[in-house]
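Here the structure is laid out as structure tokens; the discussion comes afterwards.
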Amino acid sequence: MFNATQVKTLQQDSIKWLSFSDGEITIDNIEELRNILRFHEHRYYVESDPVITDFEYDTIFKKLQTFEAANPLCITKDSPTQRVGVGLIKNFPKVQHLVPMLSLDNSYSADDLIDFDRKVRELSGIENIEYCIEPKFDGASISLVYENDTLLKGITRGDGEVGDDITPNIYQIRSIPLKAKLSLFGIEQIEIRGEVLINKSNFAKYNNGLIEEGLPPMANPRNAAAGTLRMKDSTLVAKRNLEAFLYHVSYSFVGKESLEEAKKPIYNLPTTHSGFLEMLWQLGFKSPKKEMKVTHGIAEVIKYINEFEVGRDALPYEIDGMVIKVNDIALQDKLGMTSHHPRWAIAYKFKARQATSKLLAVDFQLGRTGAVTPVAKIAASQVGGVTVTSISIHNEDYIKEKNLKIGDTILIERSGDVIPQIVKSLPELRTGEEKNIEFPTHCPMCNDTLVRPNGEAVWRCVNINCEAQVVERIIHFVSKDAMDIKSFGEANVRKFYTMGIIKNVPSIYKLNDTMFIGIEGFGEKSIVNLIDGIEASKQQPLHRLIYGLGIRYVGENTAKTLVRNIDDIFELSTKNIDELKKMDDVGVKVADSITAFFKNEDNIIMLKHLQALGLQMKSIKKEIAEGGLSGQTFLFTGTLNKLKRSDAEAMVEEKAGKILSGVSSKLNYLVVGEDAGSKLEKAKKIQTINIISEDEFIELVNG
Ligand code: IVH
């Protein structure tokens, strides 16, 4: 889409725009500003290789927003600011696809593919067919219509003939360009097909959020993507971070006749499918250009498919097979379609990640918030390479919705790294012997009466001293994403609790080595490791402590948001619901839960206790303001614009911070200037490094 010189110019221009004052933006240069933002959207969402920081992007974006707000007449439909939600959508209008969206014929074995190739050769009279192979993306299919270089409509597949116009939601998918220079190819109108996906890590985050809220998670990323596309509130769609691969041009109208000389196309339309994927990529669409392969003959096809399947789990998104397409468009046209599928393409389906099993029994487990979770014990089944014997079935409503009974035959699925789920039960196979799942009325641990709070889906034990909850809270506190106390896993917590060595969170910090002498499995070395791990965890940043407290609805991201708004944990305890709600992404539910947590005197006493035991209670921001950068390490990369490198380094050292010579896990901050190279790449792979811009650095150092 951009050649090396253009990229350099756009990068330099970005810096220029960053420093522009609002008054320097005019109707004459506004499109240049939009193009800068489009370029960065493309780097981030299509290439996954941003060249400026989020902060810098937001700064430029806000300049455009401010200008457009003051000059509403010059807002264009394809302006990057127009991706913001449009409020609630009442109904999605029905629209006819320009060309019916057909399905694909399926194949499951090399023999099926050999058969497909034989038919193609017979029908075409050509011996050695050129094929283009690409992943079969497991998402929700869409079609996009562009007219005069601008996105006009995004439509669901529907029944193949008529789909739903979901354009406002399509605007929320940042890898779909709102503007594309299709006119370079003489194209006035085009219909492009593709698949909307939610990648594995966003899917896991989304499901964790649902579980945290006591709601049932989605069975797989495909359902999550399809469900999101049909949401009525497009601002919520934006939060799910959908992406889209575009893989097929089903219709294009080249209005050559009507074009004036000045508008004559610069490039000819491709004559191959791979050429179209290349064209789409060049125009800024995320096509499977990098994933596709052009081969000759079916043997090579089979080889590539097998190679690709090996790497399937390592992909960031789900695929359920590969699609093999005749590459030559003229030959595609000659082969034509049946009423169901094109004769020039076939899907090859990978081994299913679904299996049938039997629901044998249901156990009820108690979590750290007192929630009682039913867990289905199922007949051992192989799904996606692992043996599954138990599956969480979440809550009472879920059991009803899925119509589950003990003894049922069930369909289970495990996609990628995602925890196994029940897709559905098969009531048609019931014998009459099946039994209803009875929910307990009392806590399986302390026998207190369970309650189901209004508006919630879970039954809870509300006895805060219920031992099972205490243990679960400690397990959560020491866990990897919370305080990450090395060598202190779940099994040890249970063991130490049963032995009476620990009884609550603060008691962890009162442990000393003599207390472990004589405990089976604890030699000198493991005792040293354990005590060192406990000691080191005292310095964990505040957001980990907050997350570790296990406040309902406060996940890792919320904990980070909270810390950005406070100096220390005791400041958080004084915030009221309104103050909390002003923070990004903190809704009424989260705010309620935080205030309820701090209203409980026992929790404040526990925090004071932890403070006295030496845990970090202040935010990093506060630490720096008080004690400089002591203990913090920095490295600079790329060209700085406002500071000389040596001055910036001196600023760090003046505040007792340290400059490192290379990227390693010891690094706390990488400050990124213009043209940053391999250091940035390396730092992106180490999660604990904070990558910040020059402006963010200045803000940090100056408190
Ligand atoms: S081509 C006329 N290519 O699979 C041919 N489809 O099972 C149009 N799909 O409805 C389809 N990845 O939603 C094509 N690389 C790919 C695909 C793909 C996923 C979906 C598509 C289609 C379904 C058929």
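The values are calculated or read from the model by the stated rules, or taken from the named source; none is laboratory data. Please read these numbers as outputs of a predicted model, since none were measured by experiment. We place every Cβ from the backbone using ideal geometry, glycine too, and count neighbours over all the protein chains shown. Accessible surface areas use protein heavy atoms only, side chains included; no ligands, DNA or RNA. Shrake-Rupley method; radii C 1.70, N 1.55, O 1.52, S 1.80 Å.
Size of the stretch 449-597: Rg and Dmax of its alpha carbons, in Å, are 17.4, 53. Please label the shape of the stretch 101-235 as rounded, prolate or oblate, based on the square roots a ≥ b ≥ c of the eigenvalues of the alpha-carbon gyration tensor (a/c under 1.5 means rounded; beyond that, a/b larger than b/c means prolate, else oblate). Taking the square roots of the gyration eigenvalues as a ≥ b ≥ c, the stretch 101-235 is oblate. Amide H to amide H, with H built 1.01 Å from N, residue 106 comes under 5 Å of 347, counting only residues 5 or more places away or on other chains. Kirkwood-based Rg over Rh for the stretch 264-337 (C-alpha set), two decimals? We get a ratio of 1.01 for the stretch 264-337. Stokes-Einstein diffusion of the stretch 378-526 at 4 °C, 1.567 mPa s viscosity, Kirkwood radius from Cα pairs, rounded to a whole number: 68 µm²/s. Multiplying the residue separation of residue 47 and residue 71 by 0.36 nm and removing their Cα-Cα distance gives an extension gain of 5.4 nm. With every protein chain in place and a 1.4 angstrom probe, the accessible-area ranking of 193, 157, largest first, reads 157, 193.
Around the Cα centre of the chain, unit charges on the Cβ atoms of Lys, Arg, Asp and Glu (plus for the first two, minus for the last two) sum to a dipole of about 920 debye.
Each other residue within a Cβ distance under 11 Å of residue 202 adds +1 if Lys or Arg and -1 if Asp or Glu, for a net charge of +3. Using a cut-off of 21 Å between Cα atoms, the listed pairs 358/424; 205/289; 325/349 include 205/289 as exceeding that distance.
The angle between the Cα long axis of helix 467-478 and the longest principal axis of the Cα atoms of the chain comes to about 60 degrees, rounded to the nearest 10. If a paramagnetic tag sat 7 Å from the Cα of residue 641 along the Cα-Cβ line, which residues of the stretch 57-83 would have the backbone N under 19 Å from that point? Of the residues in the stretch 57-83, 57-67 have backbone N under 19 Å from the label point off residue 641. Look at the Cα gyration tensor of the stretch 528-641: its axes a ≥ b ≥ c give a/c of at least 1.5 with a/b at or below b/c, and that counts as oblate. To the nearest ten degrees, helix 273-282 and the longest principal axis of the Cα atoms of the chain are 60 degrees apart.
Applying a 4.7 Å cutoff between beta carbons, the unpaired cysteines of the chain are 74, 132. Here the accessible area of the chain is 51 percent carbon and sulfur, with a 1.4 angstrom probe and all protein chains present.
Checked against a 30 Å cut-off, the cross-linked pairs 200/538; 153/685; 200/400; 290/644 give Cα-Cα distances beyond that limit for 200/538; 153/685; 290/644. Tell me the net charge near residue 134. Cut-off is 12 Å between Cβ atoms, residue 134 excluded, with +1 for each Lys or Arg and -1 for each Asp or Glu. Neighbourhood net charge equals +3. Taking other residues whose beta carbon is less than 13 angstrom from the beta carbon of residue 118, and scoring Lys, Arg as +1 and Asp, Glu as -1, yields -3. Placing +1 on each Lys and Arg Cβ and -1 on each Asp and Glu Cβ, with no other charges, gives the stretch 42-144 a dipole about its Cα centre of roughly 840 debye. Projected area of the stretch 179-241, taken from the Cα convex hull and averaged over every viewing direction, in nm²? Its average projected convex-hull area is 5.8 nm². Rounded to the nearest 500, the 222 nm mean residue ellipticity of the chain from helices alone is -10500 deg cm²/dmol, with -39,500 (n - 2.57) taken per DSSP H run of at least 4 residues. Solvent-accessible surface of the chain, averaged per residue with a 1.4 angstrom probe and all protein chains in place: 48 square angstrom. Normalised by residue number, the volume inside the convex hull of the Cα atoms of the stretch 1-143 is 230 Å³ per residue.
Applying D = kT/(6 pi eta Rh) to the chain, where Rh is the Kirkwood radius over alpha-carbon pairs, T corresponds to 20 °C and eta to 1.002 mPa s, the Stokes-Einstein value obtained is 73 µm²/s. Volume per residue for the stretch 299-373 equals 213 cubic angstrom (convex hull of Cα atoms).
Shown here for the stretch 382-439: GluC sites (Glu not before Pro) in loop regions (DSSP other than H, G, I, E, B) with at most 10 other Cβ atoms within 10 Å, namely 433, 438. According to the square roots a ≥ b ≥ c of the eigenvalues of the Cα gyration tensor, what is the shape class of the stretch 384-452, taking rounded for a/c under 1.5, prolate for a/b larger than b/c otherwise, and oblate for the remainder? Oblate is the answer for the stretch 384-452, as a/c is 1.5 or above yet b/c matches or exceeds a/b. Of the trypsin sites (Lys or Arg not before Pro) in the stretch 76-152, the ones in a loop by DSSP (not H, G, I, E or B) with at most 11 other beta carbons within 10 Å are 77, 90. Once the Cα atoms are used to define both axes, helix 30-41 deviates from the longest principal axis of the chain by about 70 degrees. Taking only the Cα atoms of the stretch 626-702, the radius of gyration and Dmax are 11.4, 34 Å.
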